[in-house]
Amino acid sequence: MDVANLASQLNAGLILPEGIVIITLLLVLVVDLIQGRKANRVTPYIGIGGLLASLGAIAFQWDNPVSNAFLGSFSSDPLSLVFRAIIVLSAMVTIMISIRYVEQSGTSLGEFITILLTASVGGMVLSGANELVTIFVALETLSISSYLLTGYMKRDPRSNEAALKYLLIGASSSALFLYGVSLLYGLSGGQTELVAIATNLAASDQSLGLVIALVFVIAGVAFKISAVPFHQWTPDVYEGSPTPVVAFLSVGSKAAGFALATRMLITVFPLLTDEWHFVFTALAILSMVLGNIVALAQTSMKRLLAYSSIGQAGFVMIGLIAATEVGYASMLFYLFIYLFMNLGGFACIILFSLRTGTDQISEYAGLYQKDPLITLGLSLCLLSLGGIPPLAGFFGKLYLFWAGWQAGLYTLVLVGLFTSVISIYYYIRVVKMMVVKEPQEMSEVVKNYPKVTWDLPGLKSLQVALVLTVVATTLIGILSNPVFTLATDSVNNTPFLKLDLARTGTQPVAVLPEAIAPANPL
Amino acid sequence: MQLQYFLLLAAALFCIGVYGLVTSRNAVRVLMSIELMLNAVNLNLMAFSNYLDPAMIKGQIFAVFVITVAAAEAAVGLAILLAIYRNRDTVDMEQFNLLKW
Amino acid sequence: MNLAEGVQLVSFIILAVAMIGAALGVVLSPSVVYAAFLLGAVFISISGLYLLLNASFVAAAQILIYVGAVNVLILFAIMLVNKREDFQPVKFAWVRKAVTGGVCAGLFLLLGTTIITTPWAFSTETPIGDDAIYLIGEHFFSDFLLPFELASVLLLMALIGAIVLARRDFLPDAALTSDIENLKLPERPRELVSAAKTEQ
């Protein structure tokens, strides 16, 4: 194969979004190197600009008929484009909310952004990776950068400890995953491409080995999406990490995990569909129940959101298990909404902790009188996470539960309904704490609340991010039809999902039923 | 010389790694146990590569990537370990209990 | 069995015994320094096994990277954190060890059964042998190009990140006492944390 021939077969243009992010991160690194501390004025905006350009490149690829790149190791189908867009958006919002936070802690901003961009590159490649080696390297790029980000506040013992725990648990889960992957390589007789593995596995009869490989692979994937019982790291890491990093881990890293789960399980294990659906049902039920019930007892806002994110992962899994067109579409839709409501919530928490230096729930008492913007934003995001109409989260959950009910997952949907009622309780508790307290019940920190200013460097972008995410959380619910269409289109145009749906014999649903497409109240 | 011997050897190494991972008190030893597990995977890959895929040897490529990533992971792990040792003055896993609910 | 097979079998047995013995030493030996040296022995024996598996390039890479880099790094880490400390004994530690040992033995039996019962699809193609290095190079620049490039980004970032985390920052005293610019989380630690600190 000569060079010209090879270059034409690679379709390297399909990783243009990743390429842009890589160039951006190198640029950030060089500018930071040349200018030193002065570069803090520039580097975050270079990062945001690069991510916007990458988002543009993703949008530009939407109608691209060619999806296979790098001789089959990467596929840029609409599903991966949606996941990559979610990861890029979450990285972008994370940079916007992290500038002030990182500067106030005195750590260097340039390296922070570089590592964050590397993590997004890893997640983006993982969303489209179609081959075991690429999956492994992308997964590790994402994980190793996440460990570094977690330990970034290096003088703080909590941050160190969170990083060490995350690294040890993460590295051992990736070793388990890798063992499963090596079994797949052997069982398929030396194939590393997912489709080729599936073909070879179907031709031979190897039940026990395949089951073991499945178990190991699920252990690795469940760690990434922090499903119970692979969740132990989540609360500790979320509490000890810098808050913007938590925001990225809970959205970007989780979305990448779901992308991996969808592609790998559906493509490689069609023979064991019932088995992995069963395992995921158990994981989903455990996650919803444990995540939402333990969240009731939390006193720290970051830990509360950690447990709530475990519960939310359980809800998202319903869409994956439903294995219908609506199911996958509802999963994408929910992840997209979750991006805005969760990041909006984190923007408010970061702002509050920058002004007061605490994230205890009890310290939020009476915040309404002092800072209406945080109160309003945090209330809207938390209520949306709880699923109160007419916010976006309500429609997302409705769509997920409806898809699950259609697919006959009655237990799962009932557990989901029950636990989301529980979740409303603890979200409302925070809202109540902020809004309905009398002036004399105000907490000490709120009494001494500093005057609200936006002059400090980096606060402006935090404000912009806060307003944008809160507006998106409020409006997507009402104006959700374009997003619904986008999610459904991406499922319909993705080759491997189409194959799977054709095999399981689900009828493609052409139009959204009226019950779900929300009547536009405007 | 059979494939199964190598696979059994790799499985044994993997299980020793798991045992060390769970029981070690010293954080450095936990990192070593993870290296053992990754080496077990590599041995698996190389054995498959030799017996099932001798013409394309994708397993060897995979093993090279695993070695690369393991080196990066070890560097990052030891950096984190140094940072935590500076703050806490210990590497005992039982002492790392600041974050508990 | 001809002479070559006999030699192969004997070297396999020697390497296997050395590897398992050294690996057991890594997890069981009381001194972490001995454990680190035994880890080097594990890596070297595995590299010998790779030679038996016709993979000379990976065997060399194993020695260069694992023994030359990872193991040396681990030894450096042990020297840097070389406080001789006797860990506080934990109650029922032996129960945990016994349970873990049982689970690991069970895992080994399960994996062993899988390995023995699975009908592996043995290939009849001629092994590539010592031409492997050319093939590896071709793979890196054709179908494994994407992970190859991504690995370069990963290594660059691991390098930067490890330096950032391990570098000793000298802060002015003002920064250490003030609330800002002290390289710490802005959130105050919870009560539980400060209680645990005063105990020590």
Completion exercise
The condition from (1) within 9 Å of another protein chain (Cβ to nearest Cβ); (2) modelled with pLDDT of 95 or more; (3) open to solvent by 50 Å² or more (accessible area, probe 1.4 Å); (4) over 15 Å from the mean Cα position of the chain (by Cα) that C:L24 misses is numbered (4)
Fill in the blank from the handout: Counting only helices (runs of 4 or more DSSP H) wholly inside the range A:161-251, the ones holding at least 1 residues that are among the hydroxyl-bearing types (S, T, Y) and either buried (at least 21 other Cβ atoms within 10 Å of the Cβ) or touching a Leu at 6+ places or on another chain (Cβ under 8 Å) (or both) are A:233-240, A:243-248
Completion exercise
Result of the Cβ filter at 6 Å on the range C:143-156, keeping first residues that are within 20 Å of B:M56 (Cβ to Cβ) and partners that are assigned to a loop (DSSP other than H, G, I, E, B) and open to solvent by less than 10 Å² (accessible area, probe 1.4 Å), at least 6 apart or interchain, is C:L146/A:S73
Handout entry: Flag for C:K91 being of a type in the set (D, E, K, R) and either under 29 Å from B:A79 (Cα atoms) or facing chain B (nearest Cβ under 7 Å) (or both)
Key = no
Exercise for the section: Go through the residues of the range B:45-59 one by one and say whether even a single one is under 15 Å from the mean Cα position of the chain (by Cα), within 10 Å of chain A (Cβ to nearest Cβ) and among the β-branched types (V, I, T). Expected result: no
Fill in the blank from the handout: Expected output for the range A:173-195 (first residue free of Cβ contacts under 8 Å to residues at least 12 places away in the same chain and more than 7 Å from chain B (Cβ to nearest Cβ), partner part of a helix (DSSP H, G or I) and of a type in the set (F, W, Y), Cβ below 9 Å, 6+ apart or cross-chain) is A:Q191/A:Y185
Handout entry: Considering residues of the range B:1-23 that are more than 7 Å from chain C (Cβ to nearest Cβ) and open to solvent by 10 Å² or more (accessible area, probe 1.4 Å) only, the residue farthest from C:A16 (Cα to Cα)
Key = B:L21
Problem - For B:L36: the one exception among (1) more than 7 Å from chain A (Cβ to nearest Cβ); (2) free of Cβ contacts under 8 Å to residues at least 12 places away in the same chain; (3) assigned to a helix (DSSP H, G or I) - result: (2)
Handout entry: Flag if B:A71 is under 14 Å from A:L167 (Cβ atoms) and among the aliphatic types (A, V, I, L, M)
Key = no
Practice task
Would you check which residues across the range C:107-137 are hydrophobic (A, V, I, L, M, F, W, C), free of Cβ contacts under 8 Å to residues at least 24 places away in the same chain and in a helix (DSSP H, G or I) and list them?
Solution key: C:L107, C:F108, C:L109, C:L110, C:L111, C:I115, C:I116, C:L135
Practice task
Give me the pairs, please: first residue somewhere in the range B:78-98 and more than 7 Å from every other protein chain (Cβ to nearest Cβ), second residue anywhere and among the β-branched types (V, I, T), beta-carbon distance under 7 Å, and either six or more positions apart or on two chains.
Solution key: B:M93/B:V30
Practice task
Would you check if A:G19 is more than 30 Å from A:R355 (Cβ to Cβ) and either open to solvent by 30 Å² or more (accessible area, probe 1.4 Å) or in a helix (DSSP H, G or I) (or both)?
Solution key: yes
Handout entry: One residue from C:L192, C:L185, C:L159 being closer than 30 Å to B:L82 by Cα and modelled with pLDDT of 85 or more
Key = C:L159
Handout entry: Meets criteria (outside any helix (DSSP H, G or I), closer than 25 Å to B:V18 by Cβ, of a type in the set (V, I, T) and free of Cβ contacts under 8 Å to residues at least 40 places away in the same chain) for C:V90
Key = yes
Practice task
Would you mind stating whether A:G240 is touching a residue at least 24 places away in the same chain (Cβ under 8 Å), under 22 Å from A:Y410 (Cα atoms) and within 14 Å of chain B (Cβ to nearest Cβ)?
Solution key: no
Practice task
Evaluate the following for A:K451: is it touching a residue at least 12 places away in the same chain (Cβ under 8 Å) and not in a helix (DSSP H, G or I)?
Solution key: no
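The values are calculated or read from the model by the stated rules, or taken from the named source; none is laboratory data. What you see is a predicted model; the values in this text were computed from it and never measured. Backbone-built Cβ (ideal geometry, glycine too); neighbour counts: all protein chains shown. Just the protein is used for accessible areas: all its heavy atoms, side chains included, with ligands, DNA and RNA removed. Shrake-Rupley method; radii C 1.70, N 1.55, O 1.52, S 1.80 Å.
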